[in-house]
Amino acid sequence: IVLWDNGKLGPALAHYEMRLEIVLAVEGPEGLGGAGGFMSMGNVHKDMREPDRALELFGQAAAICEAKDPDNAAVPYNNMAIVYRRQEDYGKSLEYHRKALAIYERVHGPRHPITAQLHHNIGFVLGIQGNHAAELEAYGAGVERSRLGARALSTHQRSTRRGEATSNGGLQGRVAAS
(Lines give C-alpha, C1' and ligand atoms only; values in the text may rest on other atoms or scores of the structure.)
Protein backbone atom coordinates (compact mmCIF):
# COMPACT_ATOMS: atom_id res chain seq x y z
CA ILE A 1 0.00 0.00 0.00
CA VAL A 2 2.84 2.40 0.82
CA LEU A 3 4.37 1.89 -2.63
CA TRP A 4 1.01 2.42 -4.33
CA ASP A 5 0.19 5.49 -2.22
CA ASN A 6 3.57 6.99 -3.14
CA GLY A 7 3.01 6.49 -6.86
CA LYS A 8 5.47 3.61 -7.21
CA LEU A 9 3.00 1.60 -9.25
CA GLY A 10 5.40 -0.90 -10.84
CA PRO A 11 6.90 -2.06 -7.52
CA ALA A 12 3.43 -2.04 -5.92
CA LEU A 13 2.12 -4.27 -8.68
CA ALA A 14 5.05 -6.68 -8.27
CA HIS A 15 4.33 -6.86 -4.52
CA TYR A 16 0.62 -7.51 -5.07
CA GLU A 17 1.40 -10.19 -7.66
CA MET A 18 3.68 -12.01 -5.19
CA ARG A 19 1.08 -11.67 -2.43
CA LEU A 20 -1.64 -13.02 -4.69
CA GLU A 21 0.51 -16.00 -5.67
CA ILE A 22 0.92 -16.89 -1.99
CA VAL A 23 -2.77 -16.38 -1.20
CA LEU A 24 -3.84 -18.52 -4.15
CA ALA A 25 -1.45 -21.28 -3.06
CA VAL A 26 -2.93 -21.24 0.45
CA GLU A 27 -6.63 -20.56 -0.22
CA GLY A 28 -7.06 -21.75 -3.78
CA PRO A 29 -8.54 -19.68 -6.61
CA GLU A 30 -11.93 -19.17 -4.97
CA GLY A 31 -10.88 -17.70 -1.60
CA LEU A 32 -11.82 -14.19 -0.54
CA GLY A 33 -8.13 -13.41 -0.04
CA GLY A 34 -7.75 -13.92 -3.77
CA ALA A 35 -10.56 -11.45 -4.36
CA GLY A 36 -8.68 -8.90 -2.25
CA GLY A 37 -5.52 -9.57 -4.25
CA PHE A 38 -7.32 -9.12 -7.56
CA MET A 39 -8.81 -5.87 -6.21
CA SER A 40 -5.39 -4.53 -5.19
CA MET A 41 -3.88 -5.35 -8.55
CA GLY A 42 -6.93 -3.93 -10.35
CA ASN A 43 -6.56 -0.65 -8.49
CA VAL A 44 -2.91 -0.39 -9.52
CA HIS A 45 -3.80 -1.10 -13.16
CA LYS A 46 -6.61 1.48 -12.90
CA ASP A 47 -4.09 4.06 -11.72
CA MET A 48 -1.64 2.97 -14.45
CA ARG A 49 -4.40 3.78 -16.98
CA GLU A 50 -4.66 0.15 -18.09
CA PRO A 51 -8.44 -0.14 -18.04
CA ASP A 52 -8.85 -3.50 -19.76
CA ARG A 53 -6.58 -5.24 -17.27
CA ALA A 54 -8.19 -3.40 -14.35
CA LEU A 55 -11.67 -4.49 -15.49
CA GLU A 56 -10.48 -8.08 -15.88
CA LEU A 57 -9.08 -8.14 -12.33
CA PHE A 58 -12.11 -6.40 -10.81
CA GLY A 59 -14.30 -8.91 -12.66
CA GLN A 60 -12.35 -11.80 -11.12
CA ALA A 61 -12.78 -10.26 -7.67
CA ALA A 62 -16.51 -9.75 -8.26
CA ALA A 63 -16.94 -13.36 -9.40
CA ILE A 64 -15.28 -14.67 -6.24
CA CYS A 65 -17.34 -12.36 -4.05
CA GLU A 66 -20.58 -13.31 -5.78
CA ALA A 67 -19.81 -16.99 -5.12
CA LYS A 68 -18.46 -16.70 -1.56
CA ASP A 69 -19.78 -13.47 -0.04
CA PRO A 70 -22.15 -11.52 -2.33
CA ASP A 71 -22.26 -8.54 0.04
CA ASN A 72 -18.62 -7.80 -0.81
CA ALA A 73 -19.24 -7.62 -4.58
CA ALA A 74 -20.15 -3.94 -4.21
CA VAL A 75 -16.50 -2.91 -3.96
CA PRO A 76 -15.34 -4.37 -7.29
CA TYR A 77 -18.58 -3.19 -8.93
CA ASN A 78 -17.91 0.39 -7.82
CA ASN A 79 -14.34 0.22 -9.09
CA MET A 80 -15.51 -1.20 -12.42
CA ALA A 81 -17.92 1.74 -12.67
CA ILE A 82 -15.05 4.18 -12.21
CA VAL A 83 -13.02 2.51 -14.97
CA TYR A 84 -16.01 2.60 -17.32
CA ARG A 85 -16.54 6.28 -16.51
CA ARG A 86 -12.92 7.02 -17.39
CA GLN A 87 -13.49 5.21 -20.69
CA GLU A 88 -16.57 7.41 -21.23
CA ASP A 89 -18.85 4.36 -21.22
CA TYR A 90 -21.39 6.08 -19.01
CA GLY A 91 -24.12 3.47 -19.42
CA LYS A 92 -21.85 0.73 -18.03
CA SER A 93 -20.59 3.08 -15.35
CA LEU A 94 -24.12 3.76 -14.12
CA GLU A 95 -24.98 0.05 -14.32
CA TYR A 96 -22.13 -0.91 -12.00
CA HIS A 97 -22.59 2.02 -9.61
CA ARG A 98 -26.24 1.01 -9.28
CA LYS A 99 -25.30 -2.63 -8.64
CA ALA A 100 -22.97 -1.48 -5.86
CA LEU A 101 -25.63 0.84 -4.44
CA ALA A 102 -28.23 -1.95 -4.35
CA ILE A 103 -25.84 -4.16 -2.38
CA TYR A 104 -24.89 -1.44 0.08
CA GLU A 105 -28.51 -0.46 0.66
CA ARG A 106 -29.39 -4.10 1.31
CA VAL A 107 -26.42 -4.61 3.65
CA HIS A 108 -26.22 -1.25 5.44
CA GLY A 109 -29.61 0.30 4.80
CA PRO A 110 -30.38 3.51 2.93
CA ARG A 111 -29.12 5.81 5.68
CA HIS A 112 -25.50 4.66 5.77
CA PRO A 113 -22.78 7.11 4.66
CA ILE A 114 -21.47 4.66 2.10
CA THR A 115 -24.82 4.70 0.28
CA ALA A 116 -24.56 8.48 0.20
CA GLN A 117 -21.18 8.15 -1.55
CA LEU A 118 -22.68 5.82 -4.16
CA HIS A 119 -25.48 8.33 -4.83
CA HIS A 120 -22.77 10.95 -5.32
CA ASN A 121 -20.93 8.70 -7.79
CA ILE A 122 -24.15 8.14 -9.75
CA GLY A 123 -24.89 11.87 -9.76
CA PHE A 124 -21.38 12.59 -11.01
CA VAL A 125 -21.86 10.32 -14.03
CA LEU A 126 -25.33 11.69 -14.74
CA GLY A 127 -23.88 15.21 -14.69
CA ILE A 128 -21.21 14.26 -17.21
CA GLN A 129 -23.99 12.95 -19.44
CA GLY A 130 -25.77 16.29 -19.17
CA ASN A 131 -28.75 14.84 -17.29
CA HIS A 132 -28.73 17.60 -14.71
CA ALA A 133 -32.18 16.95 -13.27
CA ALA A 134 -31.26 13.34 -12.48
CA GLU A 135 -27.82 14.50 -11.28
CA LEU A 136 -29.40 16.87 -8.76
CA GLU A 137 -31.81 14.15 -7.66
CA ALA A 138 -28.94 11.72 -7.05
CA TYR A 139 -26.89 14.33 -5.20
CA GLY A 140 -29.97 15.24 -3.14
CA ALA A 141 -30.48 11.59 -2.21
CA GLY A 142 -26.83 11.40 -1.20
CA VAL A 143 -27.02 14.52 0.93
CA GLU A 144 -30.19 13.30 2.63
CA ARG A 145 -28.63 9.92 3.34
CA SER A 146 -25.41 11.44 4.60
CA ARG A 147 -27.39 13.67 6.94
CA LEU A 148 -29.44 10.73 8.17
CA GLY A 149 -26.40 8.48 8.26
CA ALA A 150 -24.15 10.87 10.17
CA ARG A 151 -25.66 9.69 13.43
CA ALA A 152 -25.18 6.04 12.41
CA LEU A 153 -21.56 6.71 11.46
CA SER A 154 -20.89 8.41 14.77
CA THR A 155 -22.34 5.40 16.59
CA HIS A 156 -20.24 3.03 14.43
CA GLN A 157 -17.07 5.01 15.15
CA ARG A 158 -17.73 4.87 18.89
CA SER A 159 -18.36 1.11 18.77
CA THR A 160 -15.23 0.58 16.66
CA ARG A 161 -13.12 2.40 19.25
CA ARG A 162 -14.55 0.01 21.85
CA GLY A 163 -13.47 -2.93 19.68
CA GLU A 164 -16.97 -3.99 18.62
CA ALA A 165 -16.38 -3.87 14.87
CA THR A 166 -16.42 -7.14 12.97
CA SER A 167 -14.10 -8.29 10.21
CA ASN A 168 -15.53 -8.48 6.71
CA GLY A 169 -12.70 -9.95 4.68
CA GLY A 170 -11.03 -6.60 4.03
CA LEU A 171 -13.06 -5.70 0.94
CA GLN A 172 -15.82 -3.44 2.25
CA GLY A 173 -15.26 0.02 3.55
CA ARG A 174 -12.93 1.58 1.02
CA VAL A 175 -15.25 2.75 -1.71
CA ALA A 176 -13.59 4.99 -4.19
CA ALA A 177 -15.25 8.20 -5.20
CA SER A 178 -15.65 8.91 -8.87
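The values are calculated or read from the model by the stated rules, or taken from the named source; none is laboratory data. Since this is a predicted model, take the numbers as computed values, not measurements. Neighbour counts run over all protein chains shown; Cβ positions are idealised from the backbone, glycine included. In case anyone asks, the SASA skips ligands and DNA or RNA and just uses the protein heavy atoms, side chains included. Shrake-Rupley method; radii C 1.70, N 1.55, O 1.52, S 1.80 Å.
Residue order by solvent-accessible surface for Met18, Met48, Met41 is Met18, Met48, Met41, largest first, with ligands and nucleic acids left out and a 1.4 Å probe. Using a Förster distance of 41 angstrom, determine the FRET efficiency expected from the C-beta separation of Glu137 and Glu56, and round it to 0.05. So the FRET efficiency works out to roughly 0.80.
Full extension of the segment from Ala67 to Arg98, taken as 0.36 nm per residue of separation minus the current Cα-Cα distance, would add 9.2 nm.
Would region 1-89 count as rounded, prolate or oblate if I go by the C-alpha gyration tensor, calling it rounded below 1.5 in a/c and otherwise prolate when a/b exceeds b/c, oblate otherwise? Oblate, since a/c reaches 1.5 and b/c is not below a/b. If the chain linking Tyr90 and Glu17 were pulled fully straight, counting 0.36 nm for each residue of separation and taking away their Cα-Cα distance, it would gain 23.3 nm.
Excluding same-chain neighbours fewer than eight residues apart, the lysines reachable from Lys99 by a Cα-Cα span under 20 Å are Lys46, Lys68. The heavy atoms of Tyr84 present about 40 square angstrom of accessible area, all protein chains included, probe 1.4 Å.
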